[in-house]
Amino acid sequence: MSKHNSGRSLSFLWNSFGAIQPLQTAIAASVSLAVANLLGMPEAYWAPVSTIIVMQSTLGASWVVSKQRFIGTVVGAAFGALLGSFFTPTIIIYGAAILLLGFICAIAHLDKSAYRFSGVTLSIILLVTRSGAPWLIGLHRFVEVSIGIVVALALAAIWPNQQLARSTQ
């Protein structure tokens with residue numbers, strides 16, 4: 001690629017994606033990791049992962065994603081902790097749990113996104129081998145994800161991305 005073409009490509013990337021979103025995401029992910037580490041969370045990486053997932057161009061868009069992730073995490077963590085406290089997570093128990101989560105989300109009129117997040121959370125609680133009580137693992141997962149969500153929403157409220165907000169209007 002010639003020097004002229006690479007400059008044009010960089011300019012295109014800069015103008016089409018913008019520089020603010022990556023900067024905001026990097027700052028928010030770093031802050032959420034720092035907060036989770038300060039709180040001594042055992043799997044602090046879930047905080048920045050959650051931040052990256054919910055980071056959007058506007059506070060309104062972030063709120064929609066965050067609300068569904070939060071609800072799904074609560075449902076999956078609670079159900080995973082309950083099941084893990086009483087049952088060994090066999091394939092049958094796991095499959096039945098994922099099915100029941102779908103029914104719970106449907107009855108509660110939650111969307112598919114909340115169901116997806118609840119299934120991911122339940123899977124992590126039941127299938128990842130750890131030492132510790134399932135209810136404590138569920139609580140940690142909930143706190144780690146909540147840190148990421150709160151940091152993403154706080155940054156979107158404090159530092160809205162005006163460039164991307166204008167491009168979506």
Item to check | Candidates 157, 114, filtered to the one that is of a type in the set (A, V, I, L, M), surrounded by fewer than 16 Cβ atoms within 10 Å (Cβ to Cβ) and under 18 Å from residue 63 (Cα atoms) | outcome: 157
Checklist outcome for this item: Expected single match for at pLDDT 90 or above, within 25 Å of residue 62 (Cβ to Cβ) and part of a helix (DSSP H, G or I) among 152, 97, 106, 81 is 152
Next on the checklist: Regarding region 55-68, can at least one residue be identified that is at pLDDT 85 or above, closer than 30 Å to residue 22 by Cα and not charged (D, E, K, R)?
Outcome noted: yes
Item to check | Filtered residues of region 109-137 (kept if modelled with pLDDT under 90 and among the small types (Gly, Ala, Ser)) | outcome: 113, 131, 132, 133
Item to check | Inter-residue pairs, beta-carbon under 6 Å, first surrounded by 10 or more Cβ atoms within 10 Å (Cβ to Cβ) and in region 83-96, second assigned to a loop (DSSP other than H, G, I, E, B), 6+ apart | outcome: 93/87
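The values are calculated or read from the model by the stated rules, or taken from the named source; none is laboratory data. Every value quoted in this text rests on a predicted model; they were computed, and no experiment measured them. So basically every Cβ, Gly included, is an ideal-geometry build from the backbone, and we count neighbours across all protein chains shown.
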